[in-house]
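Worksheet for the structure shown next.
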Amino acid sequence: MAMLAGVLAACGGSSAATPELGGAWQLENGNHEGRAVPIVEGSRITLIVDGDTIGGTAACNMYGGRIEQDGVSVHLVVTSMTALGCAEPVMASEAAYVDALAEVTTAARDGD
């Protein structure tokens, strides 16, 4: 899934281990298993990459984790997440995004 290639808009920043991905990103659109990740107004989905560490907000809850690289493969592993409950459709948006993160195997930066 090329989720990072075209659906996250950069907000700035840098990264030592993965310089092409480093910085803060906000999800603009994406899909998982053939369905769009719902974007709910007022419930931002963000990804912050700092070296081999990731974090951000997944529509409702904050998460943290790491990037694992195996040759050319990239894996985003969520290792912690707050446990707030939000109303639908925010929770559906969050679930789709977190599931999609786990499926990422490649990432590339295209322009800014």
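Going by the conditions given, is Leu101 assigned to a strand (DSSP E or B) and aliphatic (A, V, I, L, M)? So that I can check it myself, show each step before the final result.
Working: assigned to a strand (DSSP E or B): no; aliphatic (A, V, I, L, M): yes.
So Leu101 does not fit the description; no.
Of the residues making up region 49-90, those that are surrounded by 19 or more Cβ atoms within 10 Å (Cβ to Cβ) and not small (Gly, Ala, Ser) number 8.
Within region 97-112, restricting attention to residues that are aliphatic (A, V, I, L, M) and either touching an Asp or Glu at 6+ places or on another chain (Cβ under 9 Å) or free of Cβ contacts under 8 Å to residues at least 12 places away in the same chain (or both), the residue that is most open to solvent (accessible area, probe 1.4 Å) is Ala108.
Ala59 - would you say it is touching a helix residue (DSSP H, G or I) at 6+ places or on another chain (Cβ under 6 Å) and modelled with pLDDT of 95 or more? First the steps, then the outcome.
Working: touching a helix residue (DSSP H, G or I) at 6+ places or on another chain (Cβ under 6 Å): yes; modelled with pLDDT of 95 or more: yes.
Taking the combined requirement at face value, the residue satisfies it.
Among the criteria (1) within 13 Å of the chain's Cα centre (by Cα); (2) open to solvent by 70 Å² or more (accessible area, probe 1.4 Å), the one Glu94 does not fulfil is (2).
Would you say Gly85 is without any contact (Cβ under 8 Å) to a residue 60 or more places away in the chain and under 11 Å from the mean Cα position of the chain (by Cα)?
On the way: without any contact (Cβ under 8 Å) to a residue 60 or more places away in the chain: yes; under 11 Å from the mean Cα position of the chain (by Cα): no.
Judged against the criteria, Gly85 is not a match.
The values are calculated or read from the model by the stated rules, or taken from the named source; none is laboratory data. Fair warning: this is a prediction, and the values are worked out from it, not measured in the lab. A quick note on method: Cβ atoms are made from the backbone with ideal geometry, for glycine too, and the neighbour counts reach across all protein chains shown. Ligands, DNA and RNA are stripped out before the accessible areas are found, and what is left, the full protein with its side chains, is counted by its heavy atoms. Shrake-Rupley method; radii C 1.70, N 1.55, O 1.52, S 1.80 Å.
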